Amino acid sequence: MDKLAIIGGRELYGELAISGAKNSALKVMVAALLTADTLTLENVPDLADVRQLIQLLTHLGVEVEREGSTLSLTTGDISSTEAPYDIVRKMRASFNVLGPILAREGKARVSLPGGCAIGARPVDLHLKALEAMGAQIELDEGYVIATTPSGLRGAEITFPFVSVGATEHSMMAAALAVGETVLMNAAKEPEIIDLAECLIAMGARIEGAGTETIRIKGVASLHGATHQVVADRIEMGSYAMAVGAAGGELLLKNGRRALLGEADVILEQAGLTLSDEEGGLRVTKWGRPTVGTNVETAPFPGFPTDLQAQYMALMSLADGTSVICEKIFENRFMHVPELMRLGADIHIDGQCATVKGKKVLKGAPVMATDLRASMSLIVAGLAAEGQTMVSRLYHLDRGFERLDEKLQSVGALVERVKDEE
Ligand code: UD1
């Protein structure tokens, strides 16, 4: 269990490469189950979650080769239709193997997922969508047991609220269903567009990804393709907030403003300058105060829930007060007590947190509680006076590639410390 030691107060300058998006890579990797040919994926980040999914895919019969950031996945035959609890519990995204296994094999047994400790996170929308496409589903001893007695067929599915995972899952299953599927109130995240582009390159017929209505005309089979994973907007936004908190100027290579959705306006209101350049997104914070601005998380293009914790760290140092409301997940304020250990003034009332900005935060030992929460402690630690020691770094290693090296390369005083406990 590594820790990260941060000596705060250094401005960040230079260039930093944004990796491929974790949340996209995991889904396009699963898409490899839909074809017997080889799917080659470029720009895949080297992360604990990716390694975990490779383990599951290998168990299912996928041959995986990795060379740098390129992954080649070949699923000649699906050798097991079961995704065991031991693997799926560690990462929710792996639940999405259910639809593709079902589409190809007509049956699947997949454990109900685990993932971050950020609320209940059920999978009812995923299951309802598959049922609408003709799957028969039973729950038994923590497993979903699904069969398709007469194959998957197209359906009209209206999601009662936006779900990224359910939209992606339905899109994959529908790609091989008989007839047309229409997904209404679909998620519009850049990762949805990325998955659709990958599936289209594999021969799928999909229109409307990135809008709230997606139409998929099923095809009999998909073929191999090469696809490059989109840049990680959450990593990009997190480093932008690190600049906001610590000051300085970074070129976030491979990044672009549009990936931030409406968060770009919020960040500018908060005192950052953002500009698209050839090669990336330039983020600057010079001398201007951080302005307290209110935020409510929402599906894309709204402010991402995965940046809420980092934004709260930034607001802890703002001039004035901000109200931050979490509308996507319950129980996603676990970073608050840890930020308060650094001196932040935060009061939670239900889904909203009121943050009174402070002139300074002071370094302290803190504990990472989930993937994005750990990044908020780093954003705060980079700005705090003295040393912040973030323990349980494994949360961070799930989603941020080479974080310590990247921060060191732009002047931050951070060091990974092996924990002997
Ligand atoms: C994905 C992202 C995650 C991000 C989230 C919202 C991945 C691997 N993870 O998670 O980082 O925070 O989108 O942008 O891509 N819900 C249900 N029933 C369902 C499905 C979802 O009630 O069947 C609820 C969830 O509990 C949550 C909300 O819907 O309250 C949105 O969740 P969803 O968009 O599905 O998130 P994930 O796909 O799990």
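Taken together, the values in this text are just the output of simple stated rules run on the coordinates, not laboratory data. This one's a predicted model, so the numbers in the text were calculated from it and none came from an experiment. Backbone-built Cβ (ideal geometry, glycine too); neighbour counts: all protein chains shown.
Among (1) buried (at least 19 other Cβ atoms within 10 Å of the Cβ); (2) under 30 Å from G302 (Cβ atoms), where does S391 come up short? Answer for S391: the failing condition is (2). Residues that are within 15 Å of F400 (Cα to Cα) and among the charged types (D, E, K, R) within region 1-55 comprise D2, K3, K22, D46, D49, R51, listed in sequence order.
If the condition is being assigned to a loop (DSSP other than H, G, I, E, B) and farther than 20 Å from V50 by Cβ, then region 393-419 contributes V410, G411, A412, K418, D419.
Please verify whether region 351-373 includes one or more residues that are within 25 Å of L26 (Cα to Cα), more than 15 Å from the ligand (Cβ to nearest atom) and either in contact with a strand residue (DSSP E or B) (Cβ under 6 Å, 6 or more places away or on another chain) or among the aromatic types (F, W, Y) (or both). Within region 351-373, one or more residues are within 25 Å of L26 (Cα to Cα), more than 15 Å from the ligand (Cβ to nearest atom) and either in contact with a strand residue (DSSP E or B) (Cβ under 6 Å, 6 or more places away or on another chain) or among the aromatic types (F, W, Y) (or both).
Name the one entry in R341, R332 that is buried (at least 17 other Cβ atoms within 10 Å of the Cβ) and within 29 Å of V50 (Cβ to Cβ).
Being buried (at least 17 other Cβ atoms within 10 Å of the Cβ) and within 29 Å of V50 (Cβ to Cβ) holds for just one of R341, R332, which is R332.
Only residues that are out of contact with any helix residue (DSSP H, G or I) (no Cβ under 7 Å at 6 or more places or on another chain) and either away from the ligand (no atom under 16 Å from the Cβ) or not aliphatic (A, V, I, L, M) (or both) were counted across region 149-167, and they come to 8.
The criterion of at least 2 residues that are within 16 Å of the ligand (Cβ to nearest atom) and small (G, A, S) is met by the following helices (runs of 4 or more DSSP H) wholly inside region 168-283: 233-246. Within region 34-46, the set of residues being surrounded by 23 or more Cβ atoms within 10 Å (Cβ to Cβ) and either at positive phi or within 21 Å of the chain's Cα centre (by Cα) (or both) comprises L41, V44.
Under the condition of being in a loop (DSSP other than H, G, I, E, B) and touching a strand residue (DSSP E or B) at 6+ places or on another chain (Cβ under 7 Å), the residues counted in region 321-343 number 6.
Does F95 satisfy the condition of being within 13 Å of the ligand (Cβ to nearest atom), over 20 Å from L60 (Cα atoms), touching a helix residue (DSSP H, G or I) at 6+ places or on another chain (Cβ under 7 Å) and touching a residue at least 24 places away in the same chain (Cβ under 8 Å)? Criteria not met by F95. Looking across region 56-92, the residues that are touching a helix residue (DSSP H, G or I) at 6+ places or on another chain (Cβ under 8 Å), within 16 Å of the ligand (Cβ to nearest atom) and over 20 Å from C198 (Cα atoms) come down to L56, A83, I87, V88, K90, M91, R92. Looking across region 43-94, the residues that are among the β-branched types (V, I, T) and touching a strand residue (DSSP E or B) at 6+ places or on another chain (Cβ under 7 Å) come down to V44, I54, T58, V62, V64, T70, T74, T81, V88.
Within the group I324, I328, which residue is without any contact (Cβ under 8 Å) to a residue 40 or more places away in the chain, under 25 Å from the mean Cα position of the chain (by Cα) and farther than 20 Å from Y239 by Cα?
From the options I324, I328, the qualifying one is I328.
Say we look at region 95-112 and pick out the residues that are more than 12 Å from H126 (Cβ to Cβ) and in contact with a Phe, Trp or Tyr (Cβ under 8 Å, 6 or more places away or on another chain); which of these is surrounded by the most Cβ atoms within 10 Å (Cβ to Cβ)? Among residues in region 95-112 that are more than 12 Å from H126 (Cβ to Cβ) and in contact with a Phe, Trp or Tyr (Cβ under 8 Å, 6 or more places away or on another chain), the one surrounded by the most Cβ atoms within 10 Å (Cβ to Cβ) is S111.
Going through (1) closer than 27 Å to E15 by Cα; (2) in a loop (DSSP other than H, G, I, E, B) one by one, D306 falls short only on (2). Every test in (1) over 22 Å from F161 (Cα atoms); (2) without any contact (Cβ under 8 Å) to a residue 40 or more places away in the chain is passed by A313 save one, and that test is (2). A search for C-beta distances below 9 Å between a residue of region 384-398 that is on the phi > 0 side of the Ramachandran plot and touching a residue at least 40 places away in the same chain (Cβ under 8 Å) and any residue that is of a type outside the set (A, V, I, L, M, F, W, C) and in a loop (DSSP other than H, G, I, E, B), counting only pairs 6+ apart in sequence or on different chains, returns G386/G8; G386/G9; G386/G363; R392/D2; R392/T369; R392/D419.
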